[in-house]
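So the structure is just underneath, and the comments pick up after that.
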Amino acid sequence: MRAELGTKGLEYSAAPKPPDLPPRAGRGVLAVLRREPSTCLERALVLQRWHEAHGNVRDVVVAVKGPTLDFSAHAWLDGEPDGEVGAYAELLRLPPR
């Protein structure tokens, strides 16, 4: 996902299909995502693909907060907020590809 986002931006291709593992193996996916440095958008897109492969289709939410000095952006998988997302204003949703 990092390479796709780096070269194509929001015109990225879908993440590769995950291996055929049971849904409970998602704990391993989360462990790898915590271990490897990644952006919140990269993490959300990988998790989106994992969930989609297990029949749970979700959007990735991209949002921002703060007008100027406090500006920040964040992305998370819909239904699984990552951190304090209440202060963020949703900009767009990325459906699975």
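The values are calculated or read from the model by the stated rules, or taken from the named source; none is laboratory data. Quick caveat, the model's predicted, so the values are computed rather than measured. With ideal geometry, Cβ positions are generated from the backbone for all residues, glycine too; neighbour counts draw on all protein chains shown. Note: areas computed on protein heavy atoms with side chains; ligands, DNA, RNA excluded. Shrake-Rupley method; radii C 1.70, N 1.55, O 1.52, S 1.80 Å.
Observations
- Taking every protein chain into account, the accessible area of region 1-79 amounts to 64 square angstrom per residue (probe 1.4 Å).
- Three principal axis extents describe the C-alpha atoms of region 1-47; from largest down they are 32, 21, 12 Å.
- Helix axis angle, 26-35 relative to the chain longest principal axis, alpha carbon, degrees: 50
- Rounded, prolate or oblate (a/c below 1.5 giving rounded, otherwise prolate when a/b exceeds b/c) for the chain by Cα gyration tensor: prolate
- Between the helical axis of 40-53 and the longest alpha-carbon principal axis of the chain there is an angle of about 40 degrees.
- Point-charge dipole on Cβ atoms (K/R +1, D/E -1) for the chain, about Cα centre, debye to 20: 320
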